[in-house]
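Here the structure comes first, spelled out in structure tokens, and everything after it is commentary.
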Amino acid sequence: MTAAVFFGCAFIAFGPALALYIVTIAKEPLRIIFLIVGKANEGLKIINPDEPPPSMRLLAYVSGLGFGIMSGVFSFVNTLSDSLGPGTVGIHGDSPQFFLNSAFMTLVIILLHMFWGIVFFDGCEKKNWYTLLVVLLTHLLVSALTFISPHYAISLVSAYVIMVLMGLWAFSVAGGSCRSLKMCLLCQDRDFLLFNPRST
């Protein structure tokens, strides 16, 4: 049972981030490595002079996803190792759903970091300090929600509401629209958000 809890919680927490990485970043690892390491434009022009430089939205997405995965690993690795035993959570009045709740909270933190990265980069690019303040305050709010851990329903629902709102905001500032969402869901334009020439 402990292995099932370990792998189940690991896939809940990191599965969507892994899927996003495989679908969007792993396709062009050299481009992403140059983008993260720095001197991206010069290095990419040497390798492929015909290709346009990557957009700031792509950098925001990659950075946000990277920070989210790092945050998730650091916050959840000890909990995952405890799930392998020995011992059982819930003996002394603790919630028997501790591992599951921690996995879902890690998932929301990972996705929020991705959304925060996109919105934060947009705010910096447009010098909109209100946006940066909202990102900072929602980050603090979601972090503070973890302090009310015995009340998992309150903290998880609140964090997921914030995640949905930040996701919609990130989608909007990344150039998304109802039309582009429809095209993406119908597989008519799979790379719209990441490699659209209008997104630079």
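The values are calculated or read from the model by the stated rules, or taken from the named source; none is laboratory data. All figures in this text were calculated on a predicted structure; none of them were measured in a lab. Note: ideal-geometry Cβ built from the backbone for every residue, glycine included; neighbour counts use all protein chains shown. Side chains included, ligands, DNA and RNA excluded: accessible areas come from the protein's heavy atoms. Shrake-Rupley method; radii C 1.70, N 1.55, O 1.52, S 1.80 Å.
In the stretch 1-14, the residues that are at pLDDT 85 or above form Cβ pairs under 7 Å with partners that are open to solvent by 40 Å² or more (accessible area, probe 1.4 Å), at six or more places apart or across chains, as follows: ILE12/PHE104.
Of all residues being open to solvent by less than 50 Å² (accessible area, probe 1.4 Å), hydrophobic (A, V, I, L, M, F, W, C) and under 19 Å from ILE69 (Cα atoms) in the stretch 114-132, which is farthest from the chain's Cα centre (by Cα)? Just the residue, please.
If we filter the stretch 114-132 for residues that are open to solvent by less than 50 Å² (accessible area, probe 1.4 Å), which is where we start, we get 114-119, 122-123, 131-132.
Then keep just the ones that are hydrophobic (A, V, I, L, M, F, W, C); that gives 114-116, 118-119, 132.
If we keep only those that are under 19 Å from ILE69 (Cα atoms) as well, we get 114-116, 118-119.
On the way: MET114: 3, PHE115: 6, TRP116: 8, ILE118: 10, VAL119: 12 Å.
Filtering first and then ranking leaves VAL119.
Go through the stretch 6-23 and give me each residue that's open to solvent by 90 Å² or more (accessible area, probe 1.4 Å) and within 15 Å of the chain's Cα centre (by Cα). Once the filter is applied, which keeps residues that are open to solvent by 90 Å² or more (accessible area, probe 1.4 Å) and within 15 Å of the chain's Cα centre (by Cα), the stretch 6-23 yields PHE11, LEU18, TYR21, ILE22. So, in the stretch 76-95, of the ones that are open to solvent by less than 70 Å² (accessible area, probe 1.4 Å) and closer than 18 Å to TYR152 by Cβ, which residue ends up modelled with the highest pLDDT? Only one residue tops the list, namely PHE76.
Every residue, every condition in (1) under 17 Å from GLY68 (Cβ atoms); (2) without any contact (Cβ under 8 Å) to a residue 40 or more places away in the chain; (3) under 14 Å from the mean Cα position of the chain (by Cα), yes or no:
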| position | (1), (2), (3) |
| --- | --- |
| PHE104 | yes, no, yes |
| LEU112 | yes, no, yes |
| VAL134 | no, yes, no |
| LEU140 | yes, yes, no |
| PHE147 | no, yes, no |
